[in-house]
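What follows draws every value from the coordinates through simple rules; no lab data is involved. Fair warning: this is a prediction, and the values are worked out from it, not measured in the lab. In this analysis, Cβ positions are derived from the backbone assuming ideal geometry, glycine residues included, and neighbour counts consider all displayed protein chains.
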Amino acid sequence: MRVLGIETSCDETAASVVTEAGVLSDIIWSQQIHEEFGGVVPELASRAHIEKVVSCTRAALEEAKLEVPELVCVTAGPGLMGAVLVGFCYAKALALGWGVPFIGVNHLEGHLLSPLLNTPAPEFPFLSLVVSGGHTTLYLAKGIGDYNVLAQTIDDAAGEAYDKVARMMGLGYPGGPIIDQLAKNGNPKAIHFPRANKLSMGRTKIQLSDRKELDVSFSGLKTAVRNYLEKTEGWVPEDVAASFQDAVIDVLLNRIKRAAESTNVYRIAIGGGVAANSELRQRLTTIGLECFIPPRTRCTDNGAMIASVGRLRYINGFRTPFNGTARSRWKVGEE
Ligand code: KG4
Ligand code: ZN
């Protein structure tokens, strides 16, 4: 089955064709217009999606040498509502015009299951860390549509912390890739920034129901960086970047290890923009778990993950009615 996937929930316009055999095309247009504002401007994102969604989709179909797919999938939320609606309405119109079924996909489920496009793919059950600009959640994935939340951020998402720290340092947007690059020439032990939830970090065994134990917080870290920058003359950008990144990754790896011990699941997959981080990707392979790390372009927003989840949901009997609508908030696993 050849499946078209369209993604417009934030600042990437993306379209892809996926089959059971793999990805036939994967077109991603990253919007640059937000750079000067230091963050995504929703109205500008929606307008840019309108300009690009048709050409991205055409390019994805052409590259896959396909005129009409058998299924159309699209991000239906969560995300910036105006941006989501551009892709959602376009995909719905395509499916209606072509007379093929249509599936609205949860964007986070796309990230959560994007490692299924890897070869080899993880078998269920596996742990999946979704770390993006809007979310930081560690899931136990037991099957398609069957997930437990083991940990999540109680304030900023990891990507949001990267973006905010980059802004404080006078760097550009998005901050994640810039800090990632800068940190390569810095000393991660130069400055000791706080690791979240220090009090609970000594405990290694947790109950699944005891979720608070594994929750993370990045706002204290962000404040510590701000204080450091304000109080320190001649701070070294590379060292600040490396030390900040070291703290973020320590916290994430700590939660993954503890989640693995308490669930006895020793397979970990990662997804979301921060999963493109070189240090996280490298250090994840050193904690004794079986790792499933998608290529960088499958970590940030893409259409292939949407087509892939939509295909699996379709096979599992799920359908989105043509009068269904998009949602700005939508928990993973919720119908
Ligand atoms: O998944 P994504 O493309 O969009 C959302 O759904 O949020 O993630 C974007 C986030 C941004 O906060 C960006 O700074 C971060 O992912 N990011 C990174 C890296 N590449 C992107 N963070 C750290 N290191 C990177 N290499
Ligand atoms: Zn995303």
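Numbers for the structure displayed
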{"item": "Simple Cβ-charge dipole of the chain, Lys/Arg +1 and Asp/Glu -1, about Cα centre, in debye nearest 20", "result": "740"}
{"item": "Loop-located GluC sites (Glu not before Pro) in the range 85-183 whose Cβ has at most 13 other Cβ within 10 Å (DSSP)", "result": "E123"}
{"item": "Angle in degrees between helix 158-168 and the longest Cα principal axis of the chain, rounded to the nearest 10", "result": "60"}
{"item": "The range 215-257-the range 19-69 distance, computed between alpha-carbon centres (Å)", "result": "33"}
{"item": "For the range 142-201 and the range 271-335, distance of Cα centres in Å", "result": "19"}
{"item": "The chain - mean residue ellipticity at 222 nm from DSSP helices (-39,500 (n - 2.57) per run, n ≥ 4, rounded to 500)", "result": "-12000 deg cm²/dmol"}
{"item": "Dipole-positive endmost among C10, V68, P321 within the chain (Cβ charges, Cα centre)", "result": "P321"}
{"item": "Within a Gaussian network of the chain (alpha carbon springs, distance under 10 Å), most fluctuating of G310, G38, G110", "result": "G38"}
{"item": "Selection from I144, N264, V53 lying farthest towards where the dipole of the chain points positive, charges on Cβ", "result": "N264"}
{"item": "Virtual paramagnetic centre 7 Å along Cα→Cβ of E63, amide N under 16 Å, in the range 275-309", "result": "295-308"}
{"item": "Summed side-chain charge close to C291 - residues other than C291 whose Cβ falls under 11 Å, Lys, Arg +1, Asp, Glu -1", "result": "+2"}
{"item": "log₁₀ of I(q)/I(0) at q = 0.13, 0.20, 0.27 Å⁻¹ - the range 266-335, Debye sum with one point per alpha carbon", "result": "-0.54, -0.98, -1.23"}
{"item": "For the chain: Kirkwood Rh in Å [reciprocal of mean 1/r, alpha carbons]", "result": "20.3"}
{"item": "Restricting the range 33-116 to trypsin sites (Lys or Arg not before Pro) in coil, as DSSP defines it, with at most 12 other Cβ within 10 Å", "result": "K65"}
